[in-house]
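The values are calculated or read from the model by the stated rules, or taken from the named source; none is laboratory data. What you see is a predicted model, and the numbers here were worked out from it, not measured in a lab. A quick note on method: Cβ atoms are made from the backbone with ideal geometry, for glycine too, and the neighbour counts reach across all protein chains shown. Note: areas computed on protein heavy atoms with side chains; ligands, DNA, RNA excluded. Shrake-Rupley method; radii C 1.70, N 1.55, O 1.52, S 1.80 Å.
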Amino acid sequence: MILSSQTDLTAKAFGIEKAVALIAEAGFDAIDLSMFEGESTAWIYESGFEKQVEKLLKIAAGYDVYFNQAHAPFPSYRVDDDEYNKKIRPMLIRSIEVAGLAGVKNIIVHPVFFPENKKEKNLQLYNELLPHAKKAAVKIAIENMWGRDPRMKAIIPNVCSTAQELAEYVDALDPDWFTVCLDIGHIGLIREYEAPFIRYLGSQRLTCVHIHDNNYLDDQHTCPFMGKLPWNDITKAFADIGYAGDLTLEADNFLKRLPKAMYPAGLKFMECAGRELIRMIEEAKA
């Protein structure tokens, strides 16, 4: 099974080129290209981005790694915010284009919580991106989300938060161009259980993941085995459905607490945790 990690925090600390090198040097097989809005990703939305992608591909090839996954900027849309929506639309399209140039298989585009006609409006948003996905030869992955109730100051279900709703969304879209990215850390935040969620989706819908850990109270995005998620149950569920996708970590938030000099050790720590999860999945298959 391929093990990858996102560029997000490492790119913010060192720039994207050094981030690719550090993740590769830590032993990962592949890299998830984070295209969130910010200083470290500004190059994506400027002219000449194609040359930067070529440079990144050359760096990755030098380490015998590749870009397997990507993450589009988010939120994908904001209700009643025309200025933001006018800005984010071309960014989403550009991120899909960059993913295609980088050879990425799946790009995650977050669904949106609409107060009314939630499913219909999300399907419209995704289908409007479909021509761009086809042109780039990249699948769009839908992720399970969570929300926050400001009155109760608590995390609550939002959009595609349950396995059933997530399945309904992806089943209503073209299966050749849409898939599920299961964010394993989001499941327990809305008081669902990870293993049944995985089994409900099955291997046909579920082809990519975001792996991280938390304390079931906050979306911590920390390294596996540093929180409370039941990894024995999770890896057994992946084995039971015959999960055939990659294992992609979105678990680098703890790096923010480290001096830059310790980032290589932190990345290696994540790589070791990822390898252990892969071992557990393979052992459960046996």
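Of note:
- Taking the charge dipole of the stretch 1-154 about its Cα centre, with +1 at Lys and Arg Cβ atoms and -1 at Asp and Glu Cβ atoms, the residue from 75, 40, 6 reaching farthest to the positive side is 75.
- DSSP beta bridge pairing in the chain, given as percent antiparallel to the nearest 5: 15
- Proximal lysines to residue 58, defined as alpha-carbon separation beneath 16 angstrom and excluding residues fewer than eight positions away on the same chain: 18
- The lysines within cross-link reach of residue 236, meaning a Cα-to-Cα straight distance under 16 Å and a gap of 8 or more places when in the same chain, are 285.
- Between residue 85 and residue 203, the FRET efficiency estimated from the beta carbon spacing at R0 = 30 angstrom works out to 0.30.
- Options 163, 181, 264, ranked by Cα towards positive dipole end of the chain, top entry (Cβ charges): 264
- Accessible area per residue for the chain, computed on protein heavy atoms with a 1.4 Å probe, is 45 Å².
- Here the relative contact order of the stretch 1-130, from alpha carbon pairs under 8 Å that lie six or more residues apart, stands at 23 percent.
- Relative contact order (percent, whole number), the stretch 60-157, Cα cutoff 8 Å, 6+ residue spacing: 27
- Accessible surface of the chain [probe 1.4 Å, protein heavy atoms]: carbon and sulfur percent: 52
- Computed from the Cβ-Cβ distance with R0 of 22 Å, the FRET efficiency linking residue 232 to residue 18 stands at 0.05.
- Exceeding the 21 Å Cα-Cα cut-off - candidates 105/134; 87/121; 119/153; 12/55: 119/153
- Point-charge dipole on Cβ atoms (K/R +1, D/E -1) for the chain, about Cα centre, debye to 20: 320
- Pairs of Cα atoms nearer than 8 Å and 6+ residues apart set the relative contact order; for the chain it is 17 percent.
- Sites listed here are GluC sites (Glu not before Pro) in the stretch 14-70 whose DSSP assignment is loop and whose Cβ has at most 12 other Cβ atoms within 10 Å: 46.
- Two-decimal ratio, the chain, of alpha-carbon radius of gyration to 2.2 N^0.38 Å: 0.95
- Whole-angstrom gap from the stretch 1-70 to the stretch 119-155, using each part's C-alpha centre: 23
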